[in-house]
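*Asks:* Structure provided below as C-alpha cells; questions to follow.
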Amino acid sequence: SQQGEEDPQALSIQEGENATMNCSYKTSINNLQWYRQNSGRGLVHLILIRSNEREKHSGRLRVTLDTSKKSSSLLITASRAADTASYFCATPRGFGNEKLTFGTGTRLTIIP
Amino acid sequence: EAGVAQSPRYKIIEKRQSVAFWCNPISGHATLYWYQQILGQGPKLLIQFQNNGVVDDSQLPKDRFSAERLKGVDSTLKIQPAKLEDSAVYLCASTVWGQRPYGYTFGSGTRLTVV
C-alpha cells in the first residue's frame, strides 16, 4: 500500500515561478525523502529530512516536515524547464525500518 | 562513481513467456532493492537483499517472480510465466547499510511490455 500521498497530482507553472508539492503520510517516521523522476528514467534522490528537522535546503529546493501533521512539502524556487518531471515523497515503512514506500507522485510541468 | 546499471532497457514479450532482468549496484552498497512501477503510479517494493540474503520478499508474487543475488553483488529478477499485468518498469536501487538513513540510488530501469 502507498504510505505517502502527494498533492497535487499534476501541476503546471510558468518558468521562473515557484512550485510547491505536498506529501502526507500515515505512520511515524525517522526520515522522509524526496525523489525526482524524469520521463522514462529512474528516480534521483533529491533530499532527505530527518524527523528532528523542520526545514532543509538544497540549492533551489526547500523541504519542510511537520511530524505533528504527518506532512511534508517540497518547494522548488525559480523553476526551469529542466525541472519538468514527476516528484515522489518516500517514507520508511516503520520507525527504524529502512525500506522506503513511495507516494503516487506529482507530475510537474514547467512551461517555457 | 558509477551508477546502478540495469539491463535490458526495454523488453517486449508475449504472455506466458519468461523474462529476466539484471542489476549491478554501486560498489560497496550492501542493500539492493527491486521495485515495480506501473504507469502513473509510484514504485512498489518487490524484494530487498542485504548482501546475498533476502531480507523482505513479502510483496513478491512468488508463484511467478523469483530473484537472486549471488555473491552479494549482481542481482537478477525473473518472471515466469509473464502476465499482461506485469507490464511495468522494473527498477533496481541500492543503498549503504547502516544506522543512519541514506537515500537510494536507482538504475534507469527496464521497461517491460507484455502483449
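*Asks:* Checking the conditions here, which among B:Gly28, B:Gly40 is within 17 Å of B:Leu84 (Cα to Cα) and part of a loop (DSSP other than H, G, I, E, B)?
*Replies:* Exactly one residue qualifies, and that residue is B:Gly40.
*Asks:* Taking A:Thr64, is it in a loop (DSSP other than H, G, I, E, B), β-branched (Val, Ile, Thr) and more than 12 Å from A:Ala90 (Cβ to Cβ)?
*Replies:* On the way: in a loop (DSSP other than H, G, I, E, B): no; β-branched (Val, Ile, Thr): yes; more than 12 Å from A:Ala90 (Cβ to Cβ): yes.
For A:Thr64, the condition - in a loop (DSSP other than H, G, I, E, B), β-branched (Val, Ile, Thr) and more than 12 Å from A:Ala90 (Cβ to Cβ) - is not met.
Residues are listed down the side, and each one gets a yes or a no for (1) among the small types (Gly, Ala, Ser); (2) under 27 Å from A:Gly105 (Cβ atoms); (3) surrounded by 14 or more Cβ atoms within 10 Å (Cβ to Cβ):
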residue	(1), (2), (3)
B:Ile38	no, yes, no
B:Asn52	no, no, yes
B:Ala67	yes, yes, yes
B:Leu70	no, no, no
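*Asks:* So which pairs qualify, if the first residue must be in the range B:96-115 and within 7 Å of another protein chain (Cβ to nearest Cβ), the second must be assigned to a loop (DSSP other than H, G, I, E, B) and open to solvent by 30 Å² or more (accessible area, probe 1.4 Å), the Cβ gap must be under 6 Å, and the two must be at least 6 apart or on different chains?
*Replies:* Close Cβ pairs (under 6 Å, with a partner that is assigned to a loop (DSSP other than H, G, I, E, B) and open to solvent by 30 Å² or more (accessible area, probe 1.4 Å)) amount to B:Ser108/A:Arg41.
One line per residue, one yes/no per condition, for (1) open to solvent by 50 Å² or more (accessible area, probe 1.4 Å); (2) touching a His at 6+ places or on another chain (Cβ under 8 Å):
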{"residue": "B:Leu84", "(1), (2)": "yes, no"}
{"residue": "B:Ser87", "(1), (2)": "no, no"}
{"residue": "B:Tyr90", "(1), (2)": "no, no"}
{"residue": "B:Thr95", "(1), (2)": "no, yes"}
{"residue": "B:Gly107", "(1), (2)": "no, no"}
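*Asks:* While we're here: Of the conditions (1) in a strand (DSSP E or B); (2) of a type outside the set (A, V, I, L, M); (3) closer than 19 Å to B:Thr105 by Cα; (4) modelled with pLDDT under 95, A:Gly40 satisfies every one except a single condition; which number is it?
*Replies:* With respect to (1) in a strand (DSSP E or B); (2) of a type outside the set (A, V, I, L, M); (3) closer than 19 Å to B:Thr105 by Cα; (4) modelled with pLDDT under 95, A:Gly40 is out only on (1).
Each row is one residue, and each column tells you yes or no for (1) among the basic types (Lys, Arg); (2) under 28 Å from A:Ser39 (Cβ atoms); (3) in contact with a helix residue (DSSP H, G or I) (Cβ under 9 Å, 6 or more places away or on another chain).
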position: B:Gln6; (1), (2), (3): no, yes, no
position: B:Tyr10; (1), (2), (3): no, yes, no
position: B:Thr31; (1), (2), (3): no, yes, no
position: B:Pro43; (1), (2), (3): no, yes, no
position: B:Gln48; (1), (2), (3): no, yes, no
position: B:Asn51; (1), (2), (3): no, no, yes
position: B:Val54; (1), (2), (3): no, no, no
position: B:Asp57; (1), (2), (3): no, no, no
position: B:Glu68; (1), (2), (3): no, no, no
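*Asks:* Scanning the range A:71-110 for residues that are of a type in the set (Ser, Thr, Tyr) and at pLDDT below 95, which turns out most open to solvent (accessible area, probe 1.4 Å)?
*Replies:* Among residues in the range A:71-110 that are of a type in the set (Ser, Thr, Tyr) and at pLDDT below 95, the one most open to solvent (accessible area, probe 1.4 Å) is A:Thr104.
*Asks:* On to the next question. If you scan the range A:26-46, which residues turn out to be free of Cβ contacts under 8 Å to residues at least 60 places away in the same chain and either small (Gly, Ala, Ser) or open to solvent by 10 Å² or more (accessible area, probe 1.4 Å) (or both)? Give the derivation first.
*Replies:* Filtering the range A:26-46 down to residues free of Cβ contacts under 8 Å to residues at least 60 places away in the same chain leaves A:26, A:32, A:34, A:36, A:38-46.
Answer for the range A:26-46, where residues must be free of Cβ contacts under 8 Å to residues at least 60 places away in the same chain and either small (Gly, Ala, Ser) or open to solvent by 10 Å² or more (accessible area, probe 1.4 Å) (or both): A:Lys26, A:Arg36, A:Asn38, A:Ser39, A:Gly40, A:Arg41, A:Gly42, A:Val44, A:His45, A:Leu46.
*Asks:* All but one of (1) more than 17 Å from B:Val89 (Cα to Cα); (2) touching a residue at least 40 places away in the same chain (Cβ under 8 Å) hold for B:Val54; which doesn't?
*Replies:* (2)
*Asks:* Working only within the range A:57-70, note down all residues that are within 13 Å of another protein chain (Cβ to nearest Cβ) and open to solvent by 50 Å² or more (accessible area, probe 1.4 Å).
*Replies:* A:Ser58
*Asks:* So, B:Ala20, is that one out of contact with any Pro (no Cβ under 7 Å at 6 or more places or on another chain), open to solvent by 50 Å² or more (accessible area, probe 1.4 Å), touching a residue at least 12 places away in the same chain (Cβ under 8 Å) and not in a strand (DSSP E or B) or not?
*Replies:* Taking the combined requirement at face value, the residue does not satisfy it.
*Asks:* Spot the failing condition for B:Glu1; the list is (1) at pLDDT 90 or above; (2) assigned to a loop (DSSP other than H, G, I, E, B), and only one is missed.
*Replies:* Among (1) at pLDDT 90 or above; (2) assigned to a loop (DSSP other than H, G, I, E, B), B:Glu1 violates only (1).
Okay, residues lined up against (1) within 14 Å of chain B (Cβ to nearest Cβ); (2) within 20 Å of A:Tyr25 (Cβ to Cβ); (3) basic (Lys, Arg):
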{"position": "A:Ser72", "(1), (2), (3)": "no, yes, no"}
{"position": "A:Ala78", "(1), (2), (3)": "no, no, no"}
{"position": "A:Ala81", "(1), (2), (3)": "no, no, no"}
{"position": "A:Tyr87", "(1), (2), (3)": "yes, yes, no"}
{"position": "A:Thr104", "(1), (2), (3)": "yes, yes, no"}
{"position": "A:Arg107", "(1), (2), (3)": "yes, yes, yes"}
{"position": "A:Ile111", "(1), (2), (3)": "no, no, no"}
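The values are calculated or read from the model by the stated rules, or taken from the named source; none is laboratory data. As the structure is a computational prediction, the values presented were derived from the model and not from experiment. No Cβ is skipped: glycine too gets one built from the backbone with ideal geometry, and neighbour counts run over all protein chains shown. Heavy atoms of the whole protein, side chains included, go into the accessibility calculation; ligands, DNA and RNA do not. Shrake-Rupley method; radii C 1.70, N 1.55, O 1.52, S 1.80 Å.
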